[in-house]
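Values in this text are rule-based calculations from the coordinates and carry no lab data. Every value quoted in this text rests on a predicted model; they were computed, and no experiment measured them. Here the Cβ positions follow ideal geometry from the backbone for every residue, glycine too, while neighbour counts run over all protein chains shown.
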Ligand SMILES: NC(=O)c1ccc[n+]([C@@H]2O[C@H](COP(=O)([O-])OP(=O)(O)OC[C@H]3O[C@@H](n4cnc5c(N)ncnc54)[C@H](OP(=O)(O)O)[C@@H]3O)[C@@H](O)[C@H]2O)c1
């Protein structure tokens, strides 16, 4: 059963606002894609609340500049940087093997949206699935020991999207070999897979004290929209600043209301409504989560498939 929490926050709250009073000192966090867009604000606020944050990024030079800038704005708290290319399995393995000690917060935030043409990674996986889902699934499975070592209360946050309402995971053809490629559908499938991973983790790793949630950040003008001409299609009153866009991620990471239990899909800082069909209009889409994305059987099926695709046993 999808447990509903009462959230005092709305779409207008910022990452700082929702984490007021949170003390993350002694906590260690990884934020993938933390060197751009809402990732930067996520890193900044987690660091400002006392966490030791590592940015996982494929461009180290860029990330080092961002880390330095954040460190200088958060009382010199050192933000670390580590290389991670999601579509390169060797890079994921390296990141996980190099990680030592416990990990309290894993924020799986990196992503690409609506790549115009069908593209594949080195293993032949469709690129949006590879970047948004497979890289994160591989990383998270490899970091399980570090998450468990954090003791009760480690959290994995999947930064998904309302785009998940545009496709379930098509289990018979995840890599889009038997159907026409559509950029939005491929994004939707990958974003559904991210929510299902949170469901699977919350179910399977509860005995290790590990919790997982998924979030929809909302519509924020970042580089993500480079393939679709920005957030122009989103009505102005639904657009968010980066500070607001990072809020649902930060809430999911720090709220005591979300410290245990089943995976939640949060949007605008509150649990979304579960729907059986895609609603009309951006407002309803923004506050909805598809039943298929929270389906425990779907989560099991994806877990098994992912282990096979990634070579985990
Ligand atoms: N902005 C929105 O309106 C919106 C709406 C719904 C969901 N989201 C989700 O929010 C998350 C953050 O997006 P954003 O808006 O902040 O976009 P962004 O500024 O483009 O950030 C995406 C990050 O992912 C990284 N990334 C992409 N491909 C990668 C790869 N193969 N390996 C490693 N890193 C990779 C990017 O690194 P590079 O700089 O090296 O490319 C970048 O740091 C994404 O998961 C996105 O789907 C955003």
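Taking the number of Cβ atoms within 10 Å of each Cβ as an exposure proxy, the fewest-first ranking of 136, 313, 12 is 313, 12, 136.
Using R₀ = 22 Å, calculate the FRET efficiency as 1/(1 + (r/R₀)^6) where r is the Cβ-Cβ separation of residue 100 and residue 312; round to 0.05.
Numbers: r = 21 Å, r/R0 = 0.94.
The computed FRET efficiency comes out at 0.60.
Pop a pseudo-label 7 angstrom from the Cα along the beta-carbon direction at both residue 90 and residue 64 and give the gap in nm to one decimal. Each label point lies 7 Å from its Cα, and together they span 2.2 nm.
Summarising the strand pairing of segment 175-313, around 20 percent of its internal DSSP beta bridges are antiparallel. Extension gain, residue 115-residue 223: 0.36 nm per intervening residue step, less the Cα-Cα distance, totals 37.6 nm.
Restricting the count to DSSP beta bridges whose residues both fall in segment 15-310, what percent are antiparallel, rounded to a multiple of 5?
On the way: 3 of 32 bridges.
The antiparallel proportion sits near 10 percent.
Cα-based radius of gyration for segment 174-313, normalised by 2.2 N^0.38 Å, reads 1.12.
Let me make sure I get this right: for the chain, a, b and c are the square roots of the gyration tensor eigenvalues over alpha carbons, sorted descending. Under 1.5 in a/c it's rounded, otherwise prolate if a/b > b/c, else oblate. Which is it?
On the way: a/c = 1.25, a/b = 1.14, b/c = 1.10.
Because its axes are fairly even, with a/c under 1.5, the chain counts as rounded.
Largest mean-square fluctuation among 233, 299, 186, in a Gaussian network model of the chain whose springs join Cα atoms under 10 Å apart, belongs to 233. Once a ≥ b ≥ c are taken as the square roots of the eigenvalues of the Cα gyration tensor of segment 1-97, is the result rounded (a/c under 1.5), prolate (a/b larger than b/c) or oblate (a/b not larger than b/c)? Oblate, because a/c is 1.5 or more while a/b does not exceed b/c.
When a/c is below 1.5 the answer is rounded, else prolate if a/b is larger than b/c, else oblate, so apply that to segment 101-215 with a ≥ b ≥ c taken from the square roots of the Cα gyration tensor eigenvalues. Walk me through the numbers on the way to the answer.
Values: a/c = 2.45, a/b = 2.12, b/c = 1.15.
Prolate, because a/c is 1.5 or more and a/b exceeds b/c.
Length available on full extension from residue 300 to residue 78: 0.36 nm per residue minus the Cα-Cα distance, which gives 76.1 nm. With the helix formula -39500 (n - 2.57) applied to DSSP H stretches of n ≥ 4, the chain reaches a computed 222 nm mean residue ellipticity of -10000 deg cm²/dmol.
A full extension of the chain between residue 239 and residue 278 corresponds to an added length of 12.0 nm, given 0.36 nm per residue minus the alpha carbon distance. Legend: P(r) of segment 51-150 from all alpha carbon pair distances, 5 Å bins from 0, whole percents, reading 2, 12, 20, 22, 19, 14, 7, 3, 1.
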